[in-house]
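The block underneath contains the structure these notes are about, expressed in structure tokens.
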Amino acid sequence: MPSFVRVAIDLPAAVAASLGVGDGLYDYRWQGGPIEIGRFVLVPFGARIVVGLVVDRVDETTVDEPRVRDVVASIDALAPVSPDWLWLMRFAADYYHRPIGEVIVPALPAPMRDAARYVVDREAVAEGTTPHAVLPAIGRAVKRAAKVSPAASSGAGPVAPRRLNAMQSAALAAIEAARTGAAAPKPMLLYGITGSGKTEVYLRAIAAVVEAGLQALVLVPEINLTPQLAETFRLGLPGVRIGSLHSGHAAGERLRQWLLAHEGEVDVLLGTRLAVLASLPRLGLVVVDEEHDASYKQHEGLRYSARDLAIVRARRGRDGRPVPVVLASATPSMETWARARNGRYDKLVLGERAVADAVLPTIRLVPTLGAATQHGLTEAVRAAIADRIARREPVLVFHNRRGYAPVLACGACGWVSACPRCSVNAVFHKADRHLHCHHCGWRSRVPRACPACGNADLAAVGRGTQRVEEGLAALFPDARIARIDRDSTRRKGSAAGLLEAVHVGDLDILVGTQMLAKGHDFRNVTLVCVLDADSALYSHDFRAGERLFSNLMQVAGRAGRGGPRSVAAEVLIQTRAPEHPLFEALVAHDFERFAENQLAERKAAGLPPYSFQAVMRAEASEAADAIAFLAEARVVGTTLLDEAMADAAIELYDPVPMAVARVANVERAQLLVESGGRPALHAFLDRWLAALRARRSRIRWHIEIDPLDI
Ligand code: ADP
Ligand code: ZN
Ligand code: ZN
């Protein structure tokens, strides 16, 4: 008797929709013996043969039976994905309210899911050629994964292991106990100030997991910027096979790395957010470094939080048995902190800097209100920089705005440089004499004169990193100055080069955006200057304060990490609001005080983590259409609540234009949905989204769960 399999294949959503295949899965007939769920298969689609993944076996199909086609072959050269992995995909599909097929397909590396690449010759298949012969790319990769080029093992000679300090030992022991104990482990927050040796702790935990024959998944925010971390892993885990997955890999390399992990040929997978979706058959430990980092959130497609999925993945674990997950941060997210506080997570604390002579820098606030500045720098900041240059100690200058000036303006008529396609200003970049839109990528040559009135005298208003760099060069003509931001580091490896230059003392001043702050271990830096931190204090985004605090803590954490130096390390922060409570906590290096304040405010306002949110966004060429769609959606939702879900405490807010309403000529609006309970929210979303999908509107819309920017 033939049975049927449900297969995930990569087809544009529009094609799936036109076929009425809501879940993104397609039924095929399987004629052979028993086929495992999780097998990769070749299936016909239209005139082509494509790669798919068997997600389910069913005895009956809802498709008209004569139209159901046969699976061409099972790709036996590839191991099947595990039930744990498929469980994770199902969880993500449910939680983020996406069709399962749309979750699985992007979780596979591009070359594998790009159906067009694998249009295969039907006759070759009919002749029984083996799958890896007809699928050259996959075949080669599989063979490589198996034999030709195994995962590079770290190979480096073992470095003498450091003696852990008492707090590190206790944290490591707790992770070990969680891994080997009988009870299902709680997620663990490894909370330690910058430089307290968190990396050292989880490296040891990883070594033990690998020793036990298992795999560790380590998520980091931005791998291109953390060559030091990769190096630390290589040195700290001698003989261990370390794989990596991030968007910086070329497609072929990404496929190879994915397969190595999938076939169990790597012991440690180090990667950015997408690595949380990797197939790891022997998962034994999950680590999320800098768990608070916003880059764990994906902003298109599935719109998942890799941090949150990491926790869920660890709870499911291996063969359904939970494995430990360690969330490391000096400034945990409020969500994580609240759970560590109420005991849902275990808190492991590292309370001091690990290197003997490393102390926390002194943080000083430099009031700018009424103060004279040159090139945006106060006297105090200029004097401190001059002092460090004289001592040959490099200085970091943090300014979180790239470009030369945020806007170009005409003093005669009031014209300002705006992006013609977005509702934002176009940023003046002096190096290439262009205006750039940082939202849609639009670029245009700087006009010679005001396009509105012809006035030749256009003024750059405000300050970006390029202008700061120029100002520093004018103030310190003999200093060696460089800039690190997205514009200066387009070339691969250039960021690493700049950071290395600071490290070896080839630079006197490095100016940069938050790229400066991401976990680099500078031994010789004794001064960090923050030029303008104020805009976040007055933001309408309730998470702006949290982000600012963590950014500044992180930036401050670059100073005073030990090593030879002649003065105490300090951080100078220019601000118009030195009395702000956020700064008070910062000066005291008191994250806990800051977090208590934040949580109290959030609780009073009913904001996350004390409520759960989803946001529906609509896009149209006319703003009114996007708003009208959301208003209608709101009516549908309200009716549903009145009729069927009266008990669910769900709040549907009025639709509003997004903060940046127009991007690339698309008008965007959003509707916030909030509830005090997560299950209630998701039960509502299930019904509401089903009702809206059935209405088949022309308007493009999507739902985002646990949004970070609203
Ligand atoms: P974190 O990840 O908490 O910012 P790291 O793990 O990078 O801190 O450690 C900061 C520095 O302290 C590194 O140079 C590391 O090699 C060093 N270090 C960590 N643990 C110890 C220890 N037990 N003894 C001496 N140095 C240590
Ligand atoms: Zn003008
Ligand atoms: Zn634009």
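Within region 499-513, the set of residues being surrounded by 19 or more Cβ atoms within 10 Å (Cβ to Cβ) and under 23 Å from residue 289 (Cα atoms) comprises 499, 512, 513. Considering (1) at pLDDT 95 or above; (2) buried (at least 16 other Cβ atoms within 10 Å of the Cβ); (3) away from ligand 3 (no atom under 16 Å from the Cβ), the lone condition that residue 480 does not fulfil carries the number (2). Here 556, 568, 644 are screened, and the one residue that is in contact with a strand residue (DSSP E or B) (Cβ under 8 Å, 6 or more places away or on another chain), at pLDDT below 95 and exposed (fewer than 15 other Cβ atoms within 10 Å of the Cβ) is 568. Filtering region 492-525 to residues that are closer than 19 Å to residue 403 by Cβ and more than 24 Å from the chain's Cα centre (by Cα) leaves 509, 510.
Of all the helices (runs of 4 or more DSSP H) wholly in region 152-257, which have at least 2 residues that are at pLDDT below 95, surrounded by fewer than 20 Cβ atoms within 10 Å (Cβ to Cβ) and in contact with a Ser or Thr (Cβ under 9 Å, 6 or more places away or on another chain)?
Values: elements: 166-180, 198-211, 227-236.
Helices (runs of 4 or more DSSP H) meeting the threshold: 227-236.
Can residue 399 be described as within 16 Å of ligand 3 (Cβ to nearest atom) and closer than 30 Å to residue 658 by Cα? So that I can check it myself, show each step before the final result.
Numbers: within 16 Å of ligand 3 (Cβ to nearest atom): no; closer than 30 Å to residue 658 by Cα: yes.
No; evaluated as a whole, the condition is false for this residue.
Considering each of 168, 215 in turn, give the residue that is farther than 29 Å from residue 247 by Cβ and in contact (Cβ under 8 Å) with a residue 60 or more places away in the chain. Please lay out each step first, then the result.
Details: 215 fails: farther than 29 Å from residue 247 by Cβ.
Checking each option against the conditions leaves just 168.
If the condition is being within 16 Å of ligand 1 (Cβ to nearest atom) and in contact with a helix residue (DSSP H, G or I) (Cβ under 7 Å, 6 or more places away or on another chain), then region 280-331 contributes 287, 288, 291, 292, 326, 327, 328, 330, 331. Here residue 448 meets the list (1) in contact (Cβ under 8 Å) with a residue 24 or more places away in the chain; (2) more than 23 Å from residue 536 (Cβ to Cβ); (3) within 16 Å of ligand 2 (Cβ to nearest atom) almost entirely, failing just condition (1).
Report yes if some residue within region 669-676 is on the phi < 0 side of the Ramachandran plot, part of a loop (DSSP other than H, G, I, E, B) and in contact (Cβ under 8 Å) with a residue 60 or more places away in the chain; otherwise report no. The answer is yes; a qualifying residue exists. The residues of region 592-607 that are surrounded by fewer than 19 Cβ atoms within 10 Å (Cβ to Cβ) and touching a helix residue (DSSP H, G or I) at 6+ places or on another chain (Cβ under 7 Å), listed by number, are 593, 597, 599.
Note on region 296-324: residues that are assigned to a helix (DSSP H, G or I) and either free of Cβ contacts under 8 Å to residues at least 24 places away in the same chain or under 23 Å from residue 350 (Cβ atoms) (or both) amount to 5. Residue 525 fulfils the conditions (1) outside any helix (DSSP H, G or I); (2) farther than 30 Å from residue 288 by Cβ; (3) more than 16 Å from ligand 3 (Cβ to nearest atom) except for a single criterion, (2). Taking the condition of being touching a strand residue (DSSP E or B) at 6+ places or on another chain (Cβ under 6 Å) and more than 19 Å from residue 614 (Cα to Cα), how many residues in region 293-331 meet it? Of the residues in that region, 10 qualify. Of everything in region 436-452 that is in a strand (DSSP E or B) and either touching a Phe, Trp or Tyr at 6+ places or on another chain (Cβ under 6 Å) or among the basic types (Lys, Arg) (or both), the residue that is nearest to residue 657 (Cα to Cα) is 443.
For region 415-428, state whether one or more residues are more than 16 Å from ligand 3 (Cβ to nearest atom) and at pLDDT 95 or above.
Taking region 415-428 first, the residues more than 16 Å from ligand 3 (Cβ to nearest atom) are 415.
Remaining after also requiring at pLDDT 95 or above: 415.
Yes, that holds for at least one residue.
Taking strands (runs of 3 or more DSSP E) as the structural unit, no element lying wholly within region 1-100 holds at least 3 residues that are at pLDDT 90 or above and loosely packed, with under 14 Cβ neighbours inside 10 Å.
Selection of region 422-435 for residues being of a type outside the set (Phe, Trp, Tyr) and either outside any loop (DSSP other than H, G, I, E, B) or within 16 Å of ligand 1 (Cβ to nearest atom) (or both) yields 425, 427, 429, 434, 435.
Restricting the search to helices (runs of 4 or more DSSP H) fully inside region 543-661 and requiring at least 3 residues that are in contact (Cβ under 8 Å) with a residue 40 or more places away in the chain and more than 30 Å from residue 394 (Cβ to Cβ) gives 591-605, 623-643.
Residue 692 satisfies every condition listed in (1) crowded, with 16+ Cβ neighbours inside 10 Å; (2) within 23 Å of the chain's Cα centre (by Cα) except (2). On inspection, residue 281 passes the criterion of being over 11 Å from the mean Cα position of the chain (by Cα) and part of a loop (DSSP other than H, G, I, E, B).
Every residue, every condition in (1) among the small types (Gly, Ala, Ser); (2) surrounded by fewer than 17 Cβ atoms within 10 Å (Cβ to Cβ); (3) closer than 29 Å to residue 228 by Cα; (4) at pLDDT below 95, yes or no:
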{"site": "435", "(1), (2), (3), (4)": "no, no, no, no"}
{"site": "444", "(1), (2), (3), (4)": "yes, yes, no, no"}
{"site": "452", "(1), (2), (3), (4)": "yes, yes, no, no"}
{"site": "464", "(1), (2), (3), (4)": "yes, no, yes, no"}
{"site": "484", "(1), (2), (3), (4)": "no, no, yes, yes"}
{"site": "489", "(1), (2), (3), (4)": "no, no, yes, yes"}
{"site": "495", "(1), (2), (3), (4)": "yes, no, yes, yes"}
{"site": "517", "(1), (2), (3), (4)": "yes, no, yes, yes"}
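The values are calculated or read from the model by the stated rules, or taken from the named source; none is laboratory data. Just so it is clear, the structure is predicted and the values come from calculations on it, not from any experiment. Positions of Cβ are generated from backbone atoms using ideal geometry, with glycine treated the same way; all protein chains shown enter the neighbour counts.
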